[in-house]
Amino acid sequence: MIIDFDPVAFTIFGWGIHWYGLMYLLAFIGAWLLGRYRAKTPGSNWSVEQVDDLIFYAGVGVVIGGRIGYTLFYNLPVFLNDPLIILRVWEGGMSFHGGLLGVLAALFLFKRRFQKRYFDVVDFFAPLVPFGIFTGRMGNFINGELWGKPTDLSWGMIFPAAGDQLLRHPNPLYEAFLEGVLLFAILWWFSSRPRPMMAVSGLFAICYGVFRFGIEFVRVPDAHIGYLAGGWFTMGMLLTLPLIVAGVVLLSFSYRKFSKT
């Protein structure tokens, strides 16, 4: 299979509507519907109106944080020479880790407005995130980007944007399944019954971190960054390790501190 799709889904009055942008829209809609469904379950202390505002706050956070994160984590030299690059979102470039930090900041503002405990908000939101990761990675796949290393496996695919005709790991599909489908199933099941505060957040951080770290072994790093730390680590690995550690700390603290409350 040759991954050479048209990144433009359709045009309106001469403006191209890109698949990647539609995937972001689908992510927000999916998270909104899932959140409203969870808010209506017995015992929930959430209203659908609060979910509406939550998705708005998170949407702003992920877009701003994702763009800033990509610019600072993956494109810092260019940013230092041309700071306005951070505003040119149409040129592409979003970072999950930056988006995560942006969402966490936005959820802090949300909890202050609605007088909720911070980790109650994060625990509620965490199971909604994998759907957005899934749609985002499908957008990467349609764009033919984030390709993996060469492989002789039967499901290897050709990514012309890589500049060759080698069969490669379809890395975006790996991430869509592990960080999207599987992570959603784990978190949705885990959060379907009462858990100690911080437990859902901790499990999200651990699972996403482990999945992303493992996938980095078959993912080709950004050409302008390459491998770090003597050729053993990618930027994605270095950014993911603190997430795994934070997840372990949150999960262990959760069950020690809140399991009986």
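Under a 5 Å amide H cut-off, with hydrogens placed 1.01 Å from N, residue 220 pairs with 148, 149 among residues at least 5 apart or on other chains. With the charge dipole of the chain set up from +1 on Lys and Arg Cβ and -1 on Asp and Glu Cβ about the Cα centre, the Cα lying farthest toward the positive end among the listed residues 253, 70, 169 is that of 253.
Ordering 44, 29, 119 by the projection of their Cα atoms onto the charge dipole of the range 28-145, which places +1 on the Cβ of Lys and Arg and -1 on the Cβ of Asp and Glu, puts 44 at the extreme positive end. When the chymotrypsin sites (Phe, Trp or Tyr not before Pro) in the range 81-155 are filtered for DSSP coil states and for at most 16 other beta-carbon atoms within 10 Å of their beta-carbon, the remaining sites are 155.
For the chain, relative contact order (Cα pairs under 8 Å, six or more residues apart, normalised by length) works out to 19 percent. Charge dipole (Cα centre; +1 on Lys/Arg Cβ, -1 on Asp/Glu Cβ; no other charges) of the chain amounts to roughly 1340 debye. Close amide H contacts of residue 168 (hydrogens built in the peptide plane, cut-off under 5 Å, sequence separation of 5 or more or a different chain): 151, 157, 158, 159. Among the lysines of the chain, pairs at least eight places apart or on separate chains and with Cα atoms under 25 Å apart come to 6.
FYI, it's all coordinate maths here, none of it is from the lab. Treat the numbers as computed from the prediction; the structure is a model and nothing was measured. A quick note on method: Cβ atoms are made from the backbone with ideal geometry, for glycine too, and the neighbour counts reach across all protein chains shown.
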